[in-house]
Every structure is written in structure tokens, then in C-alpha cells.
Amino acid sequence: MSQVNRLATGGRVDRSQPVTFTFNGQTYQGFAGDTLAAALLANGVDIVGRSFKYSRPRGIVAAGAEEPNAVLQIGSTEAAQIPNVRATQQALYPGLVATSTNGWPSVNTDMMGILGKVGGKMMPPGFYYKTFMYPQNLWLTYEKYIRKAAGLGRSPTEVDPDSYDYMNQHCDVLVVGAGPAGLAAALAAARSGARVILADEQEEFGGSLLSTRETLDGQVASEWVDEVVAELAGMANVTLLPRSTVNGYHDHNFLTIHQRLTDHLGEVAPMGMARQRMHRVRAKRVVLATGAHERPLVYANNDVPGNMLADAVSTYVRRYGVAPGKQLVLSTNNDYAYRVVLDWLDAGLQVVAVADARSNPRGAWVEEARARGVRILTGSAVVEARGSKRVTGARICAIDVTALKVTSPGEVLDCDLIVSSGGYSPVVHLASHLGGKPTWREDILAFVPGDGLQKRECAGAVNGVFRLGDVLADGFEAGVKAAVEAGLSPVEGSLPATEARHEEPAIALFQVPHDKPTARAPKQFVDLQNDVTAAGIELATREGFESVEHVKRYTALGFGTDQGKLGNINGLAIAARSLGISIPQMGTTMFRPNYTPVTFGAIAGRHCGALFEPKRYTAMQSWHLQNGAEFEDVGQWKRPWYFPKAGEDLHAAVARECLAVRNAVGILDASTLGKIDIQGPDAREFLNRVYTNAWTKLDVGKARYGLMCKEDGMVFDDGVTACLADNHFLMTTTTGGAARVMEWLEIYHQTEWPELKVYFTSVTDHWATMTLSGPNSRKLLAEVTDIDLDKDAFPFMSWKEGQVGGVPARVFRISFTGELSYEVNVQADYALGVWEKIIAAGQKHGLTPYGTETMHVLRAEKGFIIVGQDTDGSVTPDDLNMGWCVGRTKPFSWIGWRGMNREDGLREDRKQLVGLKPIDPNQVLPEGAQLVFDPKQAIPMQMVGHVTSSYMSAALGYSFAMGVVKGGLKRIGERVFAPLVDGSVIEAEIVSSVFYDPKGERQNV
Amino acid sequence: MLHIFCPHCGELRSEEEFHAKGQAHIPRPLDPAACSDAEWGDYLFFRDNPRGIHHELWVHAAGCRQYFNATRHTVTYEILETYKIGEKPRFTAAGGAEPQAVDQGVTA
Amino acid sequence: MQRYSGFGLFKHAFSHHENWQRMWRNPTPKPVYDVIIVGGGGHGLATAYYLAKEFGIKNVAVIEKGWLGGGNTARNTTIVRSNYLWDESAHLYEHAMKLWEGLSQDLNYNVMFSQRGVYNLCHTLQDMRDSERRVSANRLNGVDGELLDAKQVAEEIPYLDCSKNTRYPVMGSTVQRRGGVARHDAVAWGYARAADALGVDLLQQTEVIGFRKENGVCIGVETTKGFIGGKRVGVVTAGNSGHMAGLAGFRLPLESHPLQALVSEPIKPIIDSVIMSNAVHGYISQSDKGDLVIGAGIDGYNGYGQRGSYGTIEHTLQAIVEMFPVLSRVRMNRQWGGIVDTSPDACPIISKTPVPNLFFNCGWGTGGFKATPGSGHVFAASLAKGEMHPLAKPFSMDRFHTGALIDEHGAAAVAH
């Protein structure tokens, strides 16, 4: 199909490179350099979507980030789907597949449109708050249909084939926007030697200079752009980022830039490339040269395709060589809009008329238009667009701007394009992200950036400076200032000459009056994406929504993907008028990141999947893998959970492993336990203060179990600490608690007791630990060590240094299973070799590797707790029946002692840890099951505790559990009940929590 | 993303390297046993939580692992100063000089 | 009160919607009220509504420094559930849940309470134990709850990555099917309209700058519009509670932190329930408008700035993409921050204070929205009688001195 709206000449597109794409199933052609929107307009595509609420046909309105309608679905395969792509910001690439997001059966003939026309009358803002309430149980059904109708594009349902990354950047000056102000600023800052980043959201630098009819030094403005970009590109201190949107301005001059590396090449990134990148920039200074968005006028039926922004049409004509129509009508209140008239005439097309709300405009561009024969109707405006799927005419009436009344019956002029311009809204978004309120300037009828916490300058249109010559100068000055503030010397420079021209001010006009009251006139759209009308805003204020945030929330003004870039100022002007207050009194809503939407994947970067969080493995990982271990996540560690043999499930494997330890010997990889090396003359005193029990008398060569509490008296970690030398201890912590405990020790040392001479070093990763446990462990270990293992020479709760497997080792004789046990610690580098030697030597001793599950069963049989499983942050040592571990007479009031002696800590009916023995020895209580004394009571039941650990014991031959029960230690022998989800109840006897070898003989042989 | 001057490292570093640890200058009572339950509860849980100048404890967790204090404004998030444990803040809510950027570099 | 209905909409369409009444008045303050509520958010407005409706106290003012529902009511992720671990919490939140069920009809305002189910995913064996414990407790407390295994989770939550390839594979999930989401703004507006209709004065743009005491007893509030007398004063100012307590002369065990959230662009339905993961650290639902509504934890520092740090947003989206890899190409539209008043045990404070006749309801942290009706109801009862409602009693400030905390941190329940 031919490009019906492509001009014969002009534009920056490469006519030698045709690009084929499809839209709604139809194939079209554009040129390299087109945006998707330009290519659609070139092909005469009027309707790009249907509106959200009323299903009205909508066309392209703008040429940039402010576009509300051309929000399309892109993607030829399921995995490559991209929802809600703004066609005005998407470069055309060969094979691009785009579709509209709403409309059935098609956007051109949409059945919902009929519904919208009829039902639309019943859908004022907030209508959903007023209905769908009855019957109560139908809301989920109503909601299903509402949800289906809402939403724009759709998410892919397959996994993203692309990857994303981010980059940290530091610079002296970050310049945001590469239009005239931004280029001048970047030039000034770069020449001073500053490290400069220049970021712009478009495909190429230049901004408005790429399409302006104004000249620089008498040349086409883009020639100056080429020169400046070439100069900047040649400087080592400058980073140029095209296709890069600065989307958030955060505290302490931290900004994020969303760079689209490959979106202009295709829907999926080429092999080896990240699709998008986030730059996380810390800038000493920022120059915001973000420009301004043209504001449309609000008039009746202003949403019919063929209603566009004046500037946008200039851009399509001059930059893309596309004329989105034949006969143009302009409605405006300012001089700048006349540029589109001149551009349109230059393209050889017809300007039907200009309606200027001002009574006697005499600016240079106005006069030029007049001189070229353009009919200018002053004191007038387009009050209503005609046409349904495309503009067919414009009704122009004389208006009284002050009284906001139509003062003449007016005339209807045939045309196919109405462009409007109500002035310019500076893009104050980034400047306001830290909460700085924009300030209203009546002279330019716009909000400009207010004071903020940002170390930035604003330059050009965002600053309320609109004349090209002034914009360049403002930009250069801002660049110099930013560089100086960043510590560099100022430079001087010459800027190109601009055309001198007489300009006249605009007149305030937002909503154009209609002969009917707003509520009865045809719809006058304020926010096109959300179908918010002037009547809707008036209704909201009438119903009592008087704050700007209330108006926004009640009408959905500015809630779209464009975040109200076109509509917000008009909307609040209308609200202010309805309430009889001024625009600055009304104020703006909060500006929040993002300026334009950012891909989730880009923000997540590489930190997904395998890199979501590091996996920590022990030195023996390869052996575990080779031997079929199943793994459990414990903190960041992957720990062997159990080692199933062929045909074994968890229970079978654990039963086998348990019996092996009880009857022969097992080996556990315990390397993940936290290990903290503590040295210094006050190390012992420090231990006294952070552990609940006493450490004064622990001799060199001995080890002791310790409990750690927080200041509230609740248990927070535990472990065995050994005395290596008088001033030297090795503390072990739980696997998950290692980092927490380390920080805990440091905070007390650094903030409370800096006078204590003690030093902490985490050595968790330096030492690997293998636990040999079981009656055969001594015999086995003897084969691989030179340490004297005689029970008197090396008694329980002591440690020795020596060789194990031929390498230096520390061996601790401590036990978490109740069996004779040795924990062999060697340097992690040697650990795999030592492990393999032990495994080899263990063959004849019945050595069995076991995992965490078996460890849990064995320790529970002994009543040993696991912090985090048997405790939950509300449990004191006494609650655990571990009063033996509480140093009640220690001189220093150690951490937790005061806390556990508060009123609530001394209650007799606190939940206490006890053993639970199911009456039916084959029933295993579910871990977590709640306990009651009376299972027959009505719900809500009085719960008295819960099961914390529960297993089937192969060694005991029956099921057993530990749990907390109110006043449980005094209830030994009584019964508790666990009412289960399936309605059954498990009955259990409260018993001692030590089930196996209660006298502790086996570990002490 | 705050930019925090670590007084131990002598460098401005990004917030990701640090952890906030709550209000500063809350010393552990020297004689906990002498505290009533109420006093102990105050020490454990009750904080000033001001809207404005806040002295707070931070740790350079992914750096030197040292603790230090910061004087930060809880509305603007400006950091007026950071200082080592045991030192006194130069800026307090009670007044003194109008807060000025300190010589530690760009923090706001 | 003008009654809302589908028929009403139809009727008003003929008069071009020109005859809708104001939802609430803009009254002039009276010199003295029976009860003053400080804070016109959801909790405050609900309190006023129940005072007037349930307890016959209609001479009530709600004093709001900004606009109604403009604090955390306007900035939360709208999740409603009652599956808390501890009895005290479960009873309170379940009380709220029962009021949610029927709230639209009670207020004649559609708050769009959508009981689409709330899932709390489990990724470790300890998660499973904690979830079993919580579901077991919930059921015995009369709160619905189920524990699902990985296979059931995969069937019920499309597009959730339940494979073994994730960093922390999904092992199961709890689900509370009565949980869901509601339209946050509508909750504030619905309560405001209904309270106003019962005679409650809603005083917007009025800031409380002090509490007036006589013989140590609170007798009213100083405001930017002058003194307003109140026989009882209830303060419900969320993140600003610490500041208010300071004005009243005491401290609270609270810290105000930024809590950030974000939404995607609106897309067609893809997430049909609320999915939360504590281990991976993110949660997600989809609004009726099509936005994915996403949140995570608080920022670590105290802050009243209604904004937090970008790193938190990164971590949150990493979690979401880890859970739902298909969402990687969806785009984030907007982020924001609220100010949440966090307490040491992640439970609220509904309490008398050292100042007689001055009551506080605060410390809801990240989880206040879901409690709105229940919080309002029990606080209204307490203000009406001058004695704390039985459900509120365990949430007294005293617990931070006696040590009788209700530690939802230590439990598996996610505090959102």
C-alpha cells in the first residue's frame, strides 16, 4: 500500500530504505528513521485504538512522550510481546508487528463503541462507586467483566528471551535532554572539562531543532546539532546516551536513566546484547533541559481522529515528511502555534483557517501567515470538531475568553485536521520528583520548577524560556554554572545567531466554551487515555471533591500511562474554575517517577534467576552432587537435606541415616555453621556479656554451649564456643544467624563497650566442618588423625589440634546427636580431600553420610533445640527449660537478663518447650499444628501452644515431637490435642523433651 | 538512594553499602537491674521519631563494617553530618547555626 | 443522604448528572464536640462513622490537615486479609474482615471489596512449618485458611514460576480465600459520606497544632483554625502519630518509615489473586483498572518524605520477575511512598494514653488498610465508653513495659 500521506520531499527519513511492518494484520511500508506513529500517519491510518471507557475511536495526537492514544501492542511471537508501546517513541524496524489494544471485532468497527455511546451517559466519573453493590455476592462477577474491559495491552505469557543490565555512573554534570538548551549546556560543561553525561529519550539528539523552521546562523538548525554532537562525541569526558530517558530524580542527586539499547532494532535483542540498560547515576550537578509539552485546547469532540497538537504536526511534516491530512484548521491562543501553519503551507497543503482566541494578534509569525493569505479569525476558537472516525469539519465561533462564553453562532468549516495549541507546559516532572512544588507563572501561563532539594539548574523551555535564542543562552549559562558548581572553571563560548522576531503573549484559555453548558455539550476531553471530560471534572467538584488529589482520584485524571502529560494542567484549570479559585491555589498533583514507563526487567537487571541471590555451597558440594544429595535452602546456603539411595523417599532415607548414626557412624557436612574468631584480652568478658551463661572459667582447650538473647530476653541464637587460648575464642552460630550475630557483636562492641579490647573476624568460609557421629566415630577418626583420641586425653566438650587426613585440623569433641561425636575443622581448601579420605576409611565402619533432616531428628530425640524452629522470638531460656544455661549470678547484667525478668517474662503460664508423645505411636504430629486441652470446644478455640518439631524415630520406634505448651513444664504426663485440618484430632502426652539416652551417656564414652 | 559520608572510610558512598540502625545516643542503662519495667521498656522500644533533625546510627555494612552516627533530616533526607561513635553532633534540633553543607562533600 | 444505585445513575443520566449532591459538607467548626477524631484517613473516618451509627454519638468532628483519605489510605496496596498468627491479631483482623463483607451495602458506596484470595508462598521447610502453624491457628480461631502444596499452587496461580529453576523454589502456599483487595479511595469516601450524613463534621484543611489540657486532662485541640473543644479526643494519624504524641507530651514506641509501592501500566487481566512472598520479598495483585500493584518492605531509615530509596524498588521488581518471569517485559508506570508507623512487634497500638480523655490508634505499620473497618469500630466503641473495647485491650501501650508483646515479626505472617 502506498504511503498516501508521505510528502514528496523533506524529512530526515531515509527514503532509500523502505521498512515493512504490520499493524492490525495489514502490511504497510515506512522508511528508516520513521517512528511507528510517523509511519502509521504516512499510511493514512486514522484510528489506532479505542478509548478505555467509552470505546471511542482514537488517533495519534502527539509526536512524543505525551501521546495518550497510540499505545500499542508490539510483538510477533508470544515471548516477545511488549504491551503499551507508545507509537510516537518506537522507531520503525523491519518486520515490526503492532496491534491495537482494544476494539472488537476491530478498532474500525467496534461493537463496544455502540455500548459506549448508549452506556456512556450512565458512566460519569465514579459511577462504579454508585452501583454494582447488589446483590452483595455478585461483585466478583461484575468485576470479571470490568477487568476484561479495562487494561490496555497484554503481558506475554512466555518467559522473556532478553536480558537486561545496569551500570553505575558518576559524573560532574548530567544534562537531561538534548534539545537546544541541553546541547548548549552539555557543550558548556564539556568544554570546561567536566565529566558530562548527555541523555535524551529520542532516537537522535537535537529535540525541537530537528524539526524547527527557525535557522541558526542562517542555516537549517540541524546542521548546528550535527556540529555540536560531533564535538561532544570527540571528547573523552563526555558520555552520549541517545534513546535514554532520565526517568527518576531521587535523593542526593541520584538519577536513573532507562536506555533502550536494541528496541530500535527489533522486538528481541540481537544475540549477545542486553535489550535495555539502567544507568544509576550519581551526578554532582544536573541540568534539566527537559523542554515543554504543548497543551491542547479542550473543545467538544476534541478526541475524534484528526485532532492533533500543532507542534506534533510540524514535527511530522518537517522531520518525517508526513502530512497527516490535507486541510488544516488551527485553534490557538499563542504565536508559536502559527509555525505549523507556515510549515503546512510550505508543504504545499491547504490551511483552511486559524482561530485565534486573542483579539488582535500581531506577532511576526502571525503576520507572516496573514501575508501568505491565511484566513485568521480572531477572538475565536474551534468549539467543536465534526466527524466520527475522522475529522470532517470544525465549528469556529467567536468567544469571550473572560466570561468563557460563545458569542457568535459561528461557522462550520470543512477540514480533515484540527490542530490546537493552548500554550506550553514545561516538563517539570523530574524537577518535582523530590516533592518540590512547581510554581505558577501567570506571565507564561505555566508551572515552572519550584525550589527543591536537587542540585540542579533548569534551562530552556522547562524554565519558562521559549525563544530559541534565549533557550540556547539559558542552556549554555546553565552548563557553565553546573560545571563551576561541580568544581571546574567556567568557559566562554559563542552561540549561533537566531532570527529576531516580534512575539506577543498568549491569552489564558484551557477549556473552550460551548453554547451548551459543559454537562450538556458534546464531550470535551481533558485526559484522552482515561476518558476524563470537562463535564466529569465539574461533576467531581460539584460532589465535593475539591482538592486536586481528590479530583484526580475521583475522575482518574492523569492516571494513564502518559500520567496526564497532556491533560493535567487543563484538568486543574477546569477544576479551579469550577471551584472559583486560581490555578496556583488549586496546585498540582504529586509528580512521581517514572517520567515514562520502564521495563520491569530493566529495573531488575541481572538479579533474576541464578543471580537473584547468591547460592552458597560448601567445599564438599561436588561430592554431595555425585552422591545424589537432595538439597535444602538454609539462608543462602544449599545444604544436603538427605542422601537417598535408589528407591528411597525422604522418610526411608532418613530412617536409614538415623540408624546408621545411632548404631555405627555418620558424617555430616556442618560447614555452614557460622564461625566467628574472637580475640583480645577482653574476649572472655565480652562473651560473658553477650551469652546468657558464664564463660569466666572455661579453660583453654575446652568448649561450651551458649545461648544468646536480645535485650528483651528472647532467645536469638545459640552455638558452641571454644577457648583456643586465653585471649582467643572460636564462636559458632546457627547457619542462618551467622551474619546477624556478627553484626550484633560489632554493634555492642562499637557503640556500648568500645573500651573492651576485643576483635571479631568471620571465618565461616575459611573452615570446613565435617561431623563424625556415632559409636564408631572414634575408631574411624583414629585411622585418619594423629590426635590422641583416648577418652581421658580428649574428653567430651574439649578440642584438639592435629593432623586429619594429612592436613592441619581442629577437632572438637561436641555432639548435636547425643552420640560420640567429633567435629573436624580443616581449611576449606583441603576439605574435599579430607572428606574423601574419611569416606574411604569409613567403609569398614559403616560410615553413612547424612543430611540436615537426619540431623534434625537426632537432635530432637535428644531434646536439643533449633533456634528459629523451636523458638520464634517470643521464647526465653526458661521457656525452653534451659534455665541451666542462664548465669543468674554473673556480675555484669548481660544482654537479655533484665529483659527476661520483666513482668510478662515471669508469668507461670508462659508457653514452655516440652516433649510430646502421640498416643498412637504411628501418628506423626504435623509441625506447626496448634494444641488445645479440650478438642471438643467451639471455635474460636483456646489454643495453648503448637508443635515445633515432629518426627518418626527409627531409633525409638515411635513418633515424637517437641512443642510449646502453656505452663507445659508443670503438665508433664497430661494430654494435649492437635485438631487437624481434615477434622481428625491427634492426642499426645506431655513428656520430657529428652527422648533418647536421657542420662547423656552415649556422647560421653 | 542516599549518599552517605562514612567518617571511618572518609568517603561518600551509596546507601546500598549501609544499614540504618535507628535512633542514636540511646545508651544501655549502666545498671539494668535498677531499671523498672517501664524504664527498661522505654530503653527498648520508645523513640523520638521526629519530623526533622534526627540523630541516627548507621553501619557501613558492605564497607568497613564500622558504626557511626548521622544527623539527618527526616523530611528532606538531607544529611547534615556524620560522626564517629562517642563524638557529639554539631547540628541539633535545638538550633545553633542554620544547617550548612558540611565539609564532607555532597550529601544533599 | 442521596441513595446510590444503578437506577439512580440511569435517572441522573437524563439530567446530565447535574443534580448529584455533595458527598459531604464543608461545615464550620462548632466550639465543642463530644468526640474529636484527629486524622481524616480511613481509620479516622470509620471511627467517626461507627461512633455515629453504632454508638449514637453524632456530635463528632474529624479534623484533617489535608484532604480526606490523603495519607496511607491513598497510598497503599489495598490488600485485605485476616490470617494473622496470634489470637489477638487474628480476632481483630477477622472482626474487620466481617465488616468488609457487607461494607459496600452498609455504606451504600461500592468499595469494590473483591474476595479473590490471598496467597502467602512458602519457599523453605521453615516457611512450611510456619505456614502450617498459622493456618492451624487461623482455623481454630475461625479464620479461613488452607495450606497448599507446590502442585496445587502451580494449578491455582498461573504464570507463577513453580519450577525448580528459581533461587528459592516454591514449596507450597497458604491461601485465605476470603482475602482480597478493595478500592482504597472509595473506602475513605464511603465512610466520609456516610458519616457526614449522620451529622459528623468533616473539617478538612485544618491542622492540629496542639492539645489543650486542663488539670492534665485533654479538653480539646488547638488547630490552625483556632481551638476546638472535645470531651474525648482520638488520634488516628498513622505516620504522624509520633509527632502528635510529642504535641501531647509523651513518646510512643513507633518509628515512621517510608514504605514504597509501584504500579505497572494497565494491562489485561493476568494476576487474578493476591500473591505474597516473604522469602523472595515482594507481593503483587492486579487492580480492576489493570495495573499490577506491587510492593515489598519498608526502607530502613526513618522518613516522613513520602519517598524512599531506589534500591528498594529494584529489589521488589527483582522479586516479582523472579516469581513471575513472564512479567519481565511489562513496564512500571509509577512509584510512590507512604509513611508507615511501625511498632516493635508489628502490631498496632489502640490505647489510652498518659493524658486522660486522649486516645491513640496507631502503629499499624504496613498493614493498616485491611483493618480499617475493624480498627474504626473498636476505636469508636472505646471512645464512646471511655474504656477499651475487649478486642483492643491487648493492643495497649502498656505491653511495651510489661513485655506482653504480640510478636507478629517472629511469626510467619507477612506484615503487609
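All but one of (1) more than 8 Å from chain C (Cβ to nearest Cβ); (2) hydrophobic (A, V, I, L, M, F, W, C); (3) within 26 Å of C:ASP398 (Cβ to Cβ) hold for B:ALA61, so report the exception by its number.
Result: B:ALA61 fails condition (3) only.
Of all the residues that make up the stretch C:328-368, how many are closer than 29 Å to A:SER432 by Cα, within 11 Å of another protein chain (Cβ to nearest Cβ), out of contact with any His (no Cβ under 7 Å at 6 or more places or on another chain) and in contact (Cβ under 8 Å) with a residue 40 or more places away in the chain?
Of the residues in the stretch C:328-368, 10 are closer than 29 Å to A:SER432 by Cα, within 11 Å of another protein chain (Cβ to nearest Cβ), out of contact with any His (no Cβ under 7 Å at 6 or more places or on another chain) and in contact (Cβ under 8 Å) with a residue 40 or more places away in the chain.
Quick check on this structure: which one of A:GLU67, A:GLU78 is in contact (Cβ under 8 Å) with a residue 12 or more places away in the chain, outside any strand (DSSP E or B) and within 13 Å of chain C (Cβ to nearest Cβ)? Don't jump to the end; show me each part of the working.
Values: A:GLU67 fails: within 13 Å of chain C (Cβ to nearest Cβ).
From the options A:GLU67, A:GLU78, the qualifying one is A:GLU78.
Considering each residue of the stretch A:769-807, count those that are crowded, with 23+ Cβ neighbours inside 10 Å and either more than 16 Å from A:LYS837 (Cβ to Cβ) or free of Cβ contacts under 8 Å to residues at least 24 places away in the same chain (or both), and give that number.
Qualifying residue count for the region: 3.
Inside the stretch C:83-93, can you point out the residues that are within 10 Å of chain A (Cβ to nearest Cβ) and in contact (Cβ under 8 Å) with a residue 60 or more places away in the chain?
Hits for the stretch C:83-93 are C:LEU85, C:TRP86, C:HIS91.
Pairs, please: C-beta under 7 Å, at least 6 apart or cross-chain, first residue under 16 Å from C:LEU148 (Cβ atoms) and in the stretch C:172-198, second among the charged types (D, E, K, R) and surrounded by 24 or more Cβ atoms within 10 Å (Cβ to Cβ)?
C:THR174/C:ARG134; C:GLN176/C:ARG81; C:GLY179/C:ARG81
Need pairs with beta-carbon distance below 6 Å; first residue at positive phi and within the stretch C:69-82, second β-branched (Val, Ile, Thr) and modelled with pLDDT of 95 or more; sequence gap 6+ or separate chains.
Pairs found: C:THR78/C:VAL181.
Picking from A:VAL484, A:VAL512, which residue would you name as being more than 30 Å from A:VAL304 (Cβ to Cβ) and either touching a helix residue (DSSP H, G or I) at 6+ places or on another chain (Cβ under 8 Å) or touching a residue at least 24 places away in the same chain (Cβ under 8 Å) (or both)?
So the residue among A:VAL484, A:VAL512 that is more than 30 Å from A:VAL304 (Cβ to Cβ) and either touching a helix residue (DSSP H, G or I) at 6+ places or on another chain (Cβ under 8 Å) or touching a residue at least 24 places away in the same chain (Cβ under 8 Å) (or both) is A:VAL484.
Inspect the stretch C:82-91 for any residue being surrounded by fewer than 23 Cβ atoms within 10 Å (Cβ to Cβ), out of contact with any Phe, Trp or Tyr (no Cβ under 8 Å at 6 or more places or on another chain) and not in a helix (DSSP H, G or I) and give the result as yes or no. Reasoning before the result, please.
Restricting attention to the stretch C:82-91, the residues satisfying the condition of being surrounded by fewer than 23 Cβ atoms within 10 Å (Cβ to Cβ) are C:87-88, C:91.
Filter once more, so that each one left must be out of contact with any Phe, Trp or Tyr (no Cβ under 8 Å at 6 or more places or on another chain): C:87, C:91.
Next, from what is left, pick out any that are not in a helix (DSSP H, G or I): none.
No: the stretch C:82-91 contains no residue that is surrounded by fewer than 23 Cβ atoms within 10 Å (Cβ to Cβ), out of contact with any Phe, Trp or Tyr (no Cβ under 8 Å at 6 or more places or on another chain) and not in a helix (DSSP H, G or I).
Any idea which residue in the stretch A:665-720 is nearest to A:TRP753 (Cα to Cα), counting only those that are assigned to a loop (DSSP other than H, G, I, E, B) and among the aliphatic types (A, V, I, L, M)?
Taking the candidates together, the pick is A:ALA694.
Does C:LYS352 satisfy being surrounded by fewer than 24 Cβ atoms within 10 Å (Cβ to Cβ) and charged (D, E, K, R)?
Here the answer is yes, as C:LYS352 does meet what is asked.
Has the stretch C:220-238 got at least one residue that is among the acidic types (Asp, Glu) and in a strand (DSSP E or B)?
Within the stretch C:220-238, the subset among the acidic types (Asp, Glu) is C:222.
Filter once more, so that each one left must be in a strand (DSSP E or B): C:222.
Yes - at least one qualifying residue is present in the stretch C:220-238.
Tell me, which strands (runs of 3 or more DSSP E) lie completely within the stretch C:287-389 with 3 or more residues that are closer than 30 Å to A:GLU78 by Cβ and touching a strand residue (DSSP E or B) at 6+ places or on another chain (Cβ under 9 Å)? First the steps, then the outcome.
Details: elements: C:292-298, C:331-342, C:349-352, C:358-362.
Hits in the stretch C:287-389: C:292-298, C:331-342.
Looking only at the stretch C:235-258, decide whether some residue is within 14 Å of chain A (Cβ to nearest Cβ), surrounded by fewer than 21 Cβ atoms within 10 Å (Cβ to Cβ) and farther than 30 Å from C:ILE57 by Cβ.
Checking the stretch C:235-258: not a single residue is within 14 Å of chain A (Cβ to nearest Cβ), surrounded by fewer than 21 Cβ atoms within 10 Å (Cβ to Cβ) and farther than 30 Å from C:ILE57 by Cβ.
On the basis of being buried (at least 24 other Cβ atoms within 10 Å of the Cβ), among the polar types (S, T, N, Q), closer than 15 Å to C:VAL236 by Cα and over 12 Å from the mean Cα position of the chain (by Cα), does C:SER375 make the cut?
So C:SER375 does not fit the description; no.
If the Cβ limit is 6 Å and pairs must be 6+ apart or interchain, which residue in the stretch C:118-142 that is more than 7 Å from chain A (Cβ to nearest Cβ) pairs with which residue that is part of a helix (DSSP H, G or I)?
C:CYS122/C:MET128; C:CYS122/C:SER131
Taking the condition surrounded by 24 or more Cβ atoms within 10 Å (Cβ to Cβ) and more than 12 Å from chain C (Cβ to nearest Cβ), does A:VAL947 pass?
Against the criterion (surrounded by 24 or more Cβ atoms within 10 Å (Cβ to Cβ) and more than 12 Å from chain C (Cβ to nearest Cβ)), A:VAL947 does not qualify.
Specify which of the listed residues (A:GLY571, A:GLY479) is touching a strand residue (DSSP E or B) at 6+ places or on another chain (Cβ under 9 Å), of a type outside the set (A, V, I, L, M), outside any loop (DSSP other than H, G, I, E, B) and within 27 Å of A:PRO409 (Cα to Cα).
Just one listed residue meets the conditions, A:GLY571.
If a residue must be at the interface with chain A (Cβ under 7 Å from one of its Cβ atoms) and not aliphatic (A, V, I, L, M), how many such residues does the stretch C:265-304 contain?
Residues that pass the stated criteria total 7.
How do the helices (runs of 4 or more DSSP H) wholly within the stretch C:96-172 filter down when requiring 2 or more residues that are under 24 Å from C:ALA296 (Cα atoms) and charged (D, E, K, R): which remain?
Values: elements: C:103-107, C:125-140, C:150-156.
By residue number, C:125-140.
Can you tell me which condition A:GLY182 does not meet? The list is (1) surrounded by fewer than 17 Cβ atoms within 10 Å (Cβ to Cβ); (2) of a type outside the set (A, V, I, L, M); (3) not in a strand (DSSP E or B), and all the others hold.
For A:GLY182, the exception is condition (1).
Does A:ALA540 count as in a loop (DSSP other than H, G, I, E, B), within 14 Å of chain C (Cβ to nearest Cβ) and within 30 Å of A:GLY59 (Cα to Cα)?
Here the answer is no, as A:ALA540 does not meet what is asked.
Filter the stretch B:5-33 down to the residues that are in a strand (DSSP E or B) and hydrophobic (A, V, I, L, M, F, W, C), then identify the one that is nearest to B:LEU57 (Cα to Cα).
B:ALA20
Which of the residues that make up the stretch C:361-399 are touching a helix residue (DSSP H, G or I) at 6+ places or on another chain (Cβ under 9 Å) and aliphatic (A, V, I, L, M)?
C:ALA371, C:VAL378, C:ALA380, C:ALA381, C:LEU383, C:ALA384, C:MET388, C:LEU391, C:ALA392
Pairs needed: first member in the stretch B:27-54, within 23 Å of B:HIS73 (Cα to Cα) and within 8 Å of another protein chain (Cβ to nearest Cβ); second member anywhere, small (Gly, Ala, Ser) and surrounded by fewer than 17 Cβ atoms within 10 Å (Cβ to Cβ); C-beta distance under 7 Å; at least 6 residues apart or different chains.
Pairs found: B:ARG47/B:GLY22; B:PRO50/B:ALA93.
Within the group A:ARG154, A:ARG213, A:ARG243, which residue is away from every other protein chain (no Cβ under 14 Å) and out of contact with any helix residue (DSSP H, G or I) (no Cβ under 8 Å at 6 or more places or on another chain)?
Selected residue: A:ARG243, the only one of A:ARG154, A:ARG213, A:ARG243 that is away from every other protein chain (no Cβ under 14 Å) and out of contact with any helix residue (DSSP H, G or I) (no Cβ under 8 Å at 6 or more places or on another chain).
State the number of residues belonging to the stretch C:286-303 that are buried (at least 24 other Cβ atoms within 10 Å of the Cβ) and modelled with pLDDT of 95 or more.
The total comes to 7.
Looking only at the stretch B:35-49, decide whether some residue is in a strand (DSSP E or B) and either in contact with a Gly (Cβ under 6 Å, 6 or more places away or on another chain) or closer than 25 Å to B:TYR83 by Cβ (or both). Break it down into steps so the answer makes sense when it comes.
Going through the stretch B:35-49, the residues in a strand (DSSP E or B) turn out to be B:47.
Okay, now just the ones that are also either in contact with a Gly (Cβ under 6 Å, 6 or more places away or on another chain) or closer than 25 Å to B:TYR83 by Cβ (or both), so B:47.
Within the stretch B:35-49, one or more residues are in a strand (DSSP E or B) and either in contact with a Gly (Cβ under 6 Å, 6 or more places away or on another chain) or closer than 25 Å to B:TYR83 by Cβ (or both).
The values are calculated or read from the model by the stated rules, or taken from the named source; none is laboratory data. Here the structure is a predicted model, which means the values were calculated and not measured. Positions of Cβ are backbone-derived with ideal geometry, glycine not excepted, and every protein chain shown enters the neighbour counts.
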